[in-house]
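Q: Dropping the structure in here first, questions after.
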Amino acid sequence: MKLMIFRAFWGMTGSIAEQIDRIAAAGYDGVEGAPPDPAEMPRAEFLDRLRQHNLALILGAQVDTRDQIEPVLMKLAEYGPLKIDLHSGRDALSRDDGCAYFEEAQRVERSIGIPVGHETHRGRMFFSPWDTAFYLHTFQDLKIVADYSHWVNVCERLPVDQTDAMDLANQRAIHVHGRVGYEQGPQVPDPAAPEYAGHLAWHEQQWQAIKALRQQAGDEVFTFTPEYGPPRYLHTLPYTDAPVADLWQVCLWAANRARHTLV
């Protein structure tokens, strides 16, 4: 199985062309994020630039309501991404409304023929292990993008007491957002810091389990994005608002570590 490491556009600066060039020069296998504004870079030019650098594409979007699903997914499908990552619905949706949302999402997913993962994210329907487990039990083909940093924050603990829910989520994960969270937030200041070694180890255990499951399922590639965010997602100092770490270096450290731990 081939490991493919993506770099999110989130937190990067400069033009889209400059961002793509920098990502390619750093040795990443692909890019992840929303499509660029066509006024800045039309679709054909964007895809051509990715091809020039041999970079794969994962696209993402926030889709709050059921009626937004089809137009959003159809637009993203025009780019021919490897996978699509959705921030799906809202955490306050009823179970009935949530089920209607996922019924529509799966219908459209089948029509476009591109795997769609629904991200485990605060504020969304997959905001907790137990809510996610309900929907995964209800929909046997529902897939997730595993960003467990949010669950550590929501649970205010490493969810070691949620073994069944974690096992089910790992089985359905088709893509990993490799960010380390902790009890008080979805992003540790620096995943290399020794004080977060336990949090790093727990997250890596989940990522390794997901990779093994994807390999058993016959997938040819395993996709991983070290999706650390910019200030103030990245911690900052009071008064100056200066970031406590270099975002580019944090993501690069996480990418390089994944190349050694996800083998």
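The values are calculated or read from the model by the stated rules, or taken from the named source; none is laboratory data. All values derive from a computational prediction rather than experimental measurement. FYI the Cβ positions are ideal-geometry reconstructions off the backbone, even for glycines, and counts take in every protein chain you see. Ligands, DNA and RNA are stripped out before the accessible areas are found, and what is left, the full protein with its side chains, is counted by its heavy atoms. Shrake-Rupley method; radii C 1.70, N 1.55, O 1.52, S 1.80 Å.
Q: In whole percent, how big is the carbon plus sulfur part of the accessible area of the chain, probe 1.4 Å, protein atoms only?
A: 49
Q: Just to be sure I understand the curve: with the Debye formula and one point per C-alpha of the chain, what is log10 I(q)/I(0) at q = 0.07, 0.12, 0.16 Å⁻¹?
A: -0.23, -0.71, -1.31
Q: Tell me, Kirkwood radius of segment 178-224 from alpha-carbon pair distances, in Å? It would help to have the intermediate numbers written out before the result.
A: Values: mean 1/r = 0.0849 Å⁻¹.
Final number for the Kirkwood radius of segment 178-224 is 11.8 Å.
Q: Apply the Debye scattering formula to segment 75-177, with a single equal point scatterer on each alpha-carbon and no solvent, then give log10 I(q)/I(0) at q = 0.15, 0.19 Å⁻¹.
A: For segment 75-177 at q = 0.15, 0.19 Å⁻¹, log10 I(q)/I(0) is -0.57, -0.91.
Q: Now a separate question. Toward the positive end of the charge dipole of the chain, about the Cα centre and with charges on Cβ (Lys, Arg +1; Asp, Glu -1), which of GLN208, GLN140, ALA34 goes farthest?
A: GLN208
Q: Okay, moving on. Explain nothing, just the number: relative contact order of segment 1-130, from Cα pairs under 8 Å at least 6 residues apart, as a whole percent.
A: Working: 183 pairs, mean separation 25.3, N = 130.
RCO, segment 1-130: 19 percent.
Q: Which of the peptides 118-129, 208-219, 181-192 is most tightly packed, and how do the rest follow, judged by the mean count of other Cβ atoms within 10 Å per residue?
A: Numbers: 118-129: 22.6, 208-219: 15.1, 181-192: 18.7.
The packing order, highest mean first, is 118-129, 181-192, 208-219.
Q: Same structure again: THR163 accessible area, nearest 10 Å², 1.4 Å probe?
A: The value for THR163 is about 80 Å².
Q: Another question, then. Which lysines have a Cα less than 18 Å from the Cα of LYS2, not counting those fewer than 8 places away in the same chain?
A: LYS83, LYS211
Q: Follow-up. For a quick size check, give me the Cα extents of segment 1-71 along its three principal axes, largest first, whole Å.
A: Sorted from largest, the Cα extents of segment 1-71 read 39, 35, 23 Å.
Q: In nanometres, what is the gap between the two model label sites at TYR79 and ASN54, each 7 Å from Cα along Cα-to-Cβ?
A: So the label points at TYR79 and ASN54 sit 2.2 nm apart.
Q: What ranking of TYR233, TYR148, TYR239 comes out by heavy-atom accessible area, probe 1.4 Å, highest first? Mind showing how you got there, number by number?
A: Details: TYR233 60, TYR148 0, TYR239 230 Å².
Final ranking, largest accessible area leading: TYR239, TYR233, TYR148.
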